[in-house]
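As structure tokens, the structure follows; a few thoughts come after it.
The values are calculated or read from the model by the stated rules, or taken from the named source; none is laboratory data. Worth saying up front: this structure is predicted, and the values here are computed from it rather than measured. Because the Cβ atoms are built from the backbone with ideal geometry, glycine has one as well, and the counts that use them run over all protein chains shown.
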């Protein structure tokens, strides 16, 4: 019930953009994948404070100070997962367990931070043949699917298919199918410690998925759902030796 | 860890068979849908005691005595849900809450017993155009998917699509896709009281799905999973006024 | 992300108040249990529109028009569950499945509406000896526990103990213990259709629990969580025969 | 439905026994904690093949060969978590993801293997004052609670209390309370990859909990539930680039 503005940080490894892979990436993402995501969020959350950060920045742009003032962190990575320092991954993990929201996108399924928080391999099947993806809402009571059509039709996307090796989720929100017949749990929530996590699979570097209005709406819903702007600080759960009647009962 | 033989009752409304709808139903289901299911179970569970029951029998063949000696009840119904007496539904419900397993198949999603146990509308999308159904295993740790390929390919089936209006499940085991692109949570477990429930959507009266070896394997896994042959009786949970230290501590 | 004010209806059977059972009930609940709940909600949700309704009113105060303009319905009942008309129960159910939030309190576990939506007996153990209840937060990431201490200490309460016969929940938020050693899943969320449901057990007619600040905070959090003020109407899921490519893909 | 005998490995760090802490530990655990657990399992699972392993052995007794022939691994550790080699932890993790069952006991909540598989801090509250623990069954449909009384009364135990920082569980089976009023989710299941995990909190080195018949019964139920003796090998999920129609549909 906090009315403070959301503070969102959109992280992108930024390597596809730097290498111009694919060659035309700047034609649809002139400000990078992070720029497109940030713009999409801003359309829906005009009061939010939105910044971006990339791998090439000092500490990947994810300093203690940045994370301490972030309510939700978006994460896009693909070909440079190994270049993310373990120290930064541990820092992000500590903030998530302390209450910072985390939205992991597409190929971020294989990021260090996601695997660490899940405890599984996070492996899946994939195929890059520009197939149609249909994103069906299987949880109409969930805030992340509010106001959205079902299915969301994505004309061209990389296929991600089951088995997606993830642990038990809090809520399954979206299931996708692809032209080739595969299915995928494409929108899934998890909680870890005090933090809320949403994994959302649409969004490859080769297809301008983050320009699509319904996808932007999903991302904005996810930000609002994952954020806890009322938290003073991100404090992860800790062990304690509790005396009898410590609660003053 | 009981080694007693499973006692299975396969219930079928039996109306499609009686009316010969479709006209060739007896060519693939000469002993009815219940007969095919019972035969499939017997292949995998040679020690099980398997009987069948139908709507036309006295008390639909589901007397107190039959249910008291049933570890798992399979339920197939479609065009005669309303003809099932409320008294029998209430009796089945009491036994499920008391520990009898229940496997609800295909159009049984709209049976009185399933709706009553779910608390939702159990509605869905459907289309009967002989589409290919792919049944993907999304839960390889679950006993019901043990030993099965993924996907199971069903050449021709009625399409069932989301939104399938069911409550939170215990475990999601299978997700299907269809030629038209729709997806469906086709294998889902629930517990109610002391009882275990599995809903499995493949199996329309127009397509001989219950002759397919993988489908029979799923049904046998489900029977073994849902059964609690060690239970002496099916006793549903009851309210009680508990004295202090009733547990003798 | 709607900013429309919440519309809350607090329903109470109102029979304890009418019969003055216990004799001193009006000393702590001068405006009835519903009055105390409404006042507690108003403290935390000053912009909300809050009304009350009781069993004695025409249609128990829950007309189609009232429900159509209610984002969250609170439900308190105890000794008059059977006097609630089946027609009103069905109407409430339809609105919940269509997206109206429902918060069921204490002895409402045995209300027709709760049993119908759960599909189980909803039975439990109870003992009325003014025991201390400790309400522990086991889900610090959940909006309903935000800003609250753990445990909440309730000096005197009726004991509710396991086995609480409920189906799989969406989220378990609170677990209580009592002086006698029993435990109870005292704060549990469910979704049904498009609607969100929260069951919260504290709050007997003999103890002024709804005057306690932390309890009022829980109720306000629950209202904000369960409400979907952005919904135009409460429309429950429906079956449909879907043509190929109905989604325009 | 495999009828092959279970192959169980009971692992214990064995440090309390080696140091005789507490001094009388050999009076109730003459064969160590692992010995007591193995004996309890053998009582209920006479056909099982049960071995033990400890930290002091080469590779902690958990070689590739041992794990490849283990259906369920029990894990008890406390003061030597850090002495378990990362290589062995990674090996155990790979086998669990590949289908080996894992039962983590008591202070094993802080073992490397459990934290790695959970993705959270696994922290909790504790107090060692020989309090009475009541273990309530909140899931009577679950195989692990079959045949057991509720509550199980443990006369003297270390207190473990919430917040227990674990992720969403597959099933919550037991909730405990302690003399001091704290509650704890004391029996919880998880799946990771193809493997089934059960965490069970009773069992401190200072109290002979593993001699108690009901506790032994829980452990045997857990072994039978977690084992997949039908698996040929433990193969964790892997990523793959799937061609169109790889499933031969």
Hey, can you tell me all the residues within segment C:195-249 that are free of Cβ contacts under 8 Å to residues at least 40 places away in the same chain and under 30 Å from residue B:131 (Cα atoms)?
C:238, C:239, C:240, C:241, C:242, C:243, C:244, C:245, C:246, C:247, C:248, C:249
Residue C:153 over 30 Å from residue B:94 (Cα atoms) and surrounded by fewer than 22 Cβ atoms within 10 Å (Cβ to Cβ)
yes
Please specify each residue of segment C:176-193 satisfying the condition of being assigned to a strand (DSSP E or B) and in contact (Cβ under 8 Å) with a residue 40 or more places away in the chain.
C:176, C:177, C:178, C:184, C:186, C:187, C:189, C:190, C:192
Taking the stated definitions as given, is residue A:47 within 20 Å of residue A:222 (Cα to Cα) and in contact with a strand residue (DSSP E or B) (Cβ under 6 Å, 6 or more places away or on another chain)?
no
Does residue D:110 fit the bill of being touching a residue at least 40 places away in the same chain (Cβ under 8 Å), within 9 Å of another protein chain (Cβ to nearest Cβ) and either more than 23 Å from residue C:162 (Cβ to Cβ) or buried (at least 23 other Cβ atoms within 10 Å of the Cβ) (or both)?
no
Collect the residues in segment C:82-96 that are without any contact (Cβ under 8 Å) to a residue 60 or more places away in the chain and either in a helix (DSSP H, G or I) or within 18 Å of residue C:38 (Cβ to Cβ) (or both), keeping them in residue-number order.
C:82, C:86, C:87, C:88, C:89, C:90, C:91, C:92, C:93
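Select, from A:166, A:154, A:197, the only residue that is within 28 Å of residue A:71 (Cβ to Cβ), over 14 Å from the mean Cα position of the chain (by Cα) and part of a strand (DSSP E or B).
A:154
Condition test on residue A:92, is it modelled with pLDDT of 95 or more, under 16 Å from residue A:197 (Cβ atoms) and buried (at least 24 other Cβ atoms within 10 Å of the Cβ)?
yes
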Matching residues in segment A:166-182 - criterion: being crowded, with 22+ Cβ neighbours inside 10 Å and at the interface with chain D (Cβ under 7 Å from one of its Cβ atoms)
A:167, A:181
Candidate set: segment B:209-230, residues that are modelled with pLDDT of 95 or more and not in a helix (DSSP H, G or I); chosen: the one surrounded by the most Cβ atoms within 10 Å (Cβ to Cβ)
B:227
If I ask for residues that are at negative phi and within 14 Å of chain D (Cβ to nearest Cβ), which ones from segment A:205-245 would you list?
A:234, A:235, A:236, A:237, A:238, A:239, A:240, A:241, A:242, A:243, A:244
Among the residues of segment C:137-160, is any under 21 Å from residue A:191 (Cα atoms), within 14 Å of chain B (Cβ to nearest Cβ) and without any contact (Cβ under 8 Å) to a residue 60 or more places away in the chain?
no
Look at residue C:47 and say whether it is more than 13 Å from chain B (Cβ to nearest Cβ), surrounded by fewer than 24 Cβ atoms within 10 Å (Cβ to Cβ) and either part of a helix (DSSP H, G or I) or modelled with pLDDT under 95 (or both).
no
So which of B:42, B:38, B:56 is away from chain D (no Cβ under 14 Å) and closer than 16 Å to residue B:7 by Cβ?
B:38
Among the residues that make up segment C:54-61, is at least one of them in contact with a strand residue (DSSP E or B) (Cβ under 6 Å, 6 or more places away or on another chain), over 14 Å from residue C:223 (Cβ atoms) and buried (at least 18 other Cβ atoms within 10 Å of the Cβ)?
yes
Check whether at least one residue in segment C:71-79 is surrounded by 15 or more Cβ atoms within 10 Å (Cβ to Cβ), free of Cβ contacts under 8 Å to residues at least 40 places away in the same chain and not in a loop (DSSP other than H, G, I, E, B), and report yes or no.
no
Please verify whether residue B:144 is crowded, with 24+ Cβ neighbours inside 10 Å, at negative phi and touching a helix residue (DSSP H, G or I) at 6+ places or on another chain (Cβ under 6 Å), treating the condition exactly as stated.
yes
Considering only residues that are out of contact with any strand residue (DSSP E or B) (no Cβ under 9 Å at 6 or more places or on another chain) and part of a loop (DSSP other than H, G, I, E, B), look in segment D:22-44 and name the one that is surrounded by the fewest Cβ atoms within 10 Å (Cβ to Cβ).
D:23
With the requirement that a residue be surrounded by fewer than 24 Cβ atoms within 10 Å (Cβ to Cβ), outside any loop (DSSP other than H, G, I, E, B) and in contact (Cβ under 8 Å) with a residue 40 or more places away in the chain, what does segment D:119-133 give you?
D:125, D:127, D:128, D:129, D:130, D:131, D:132
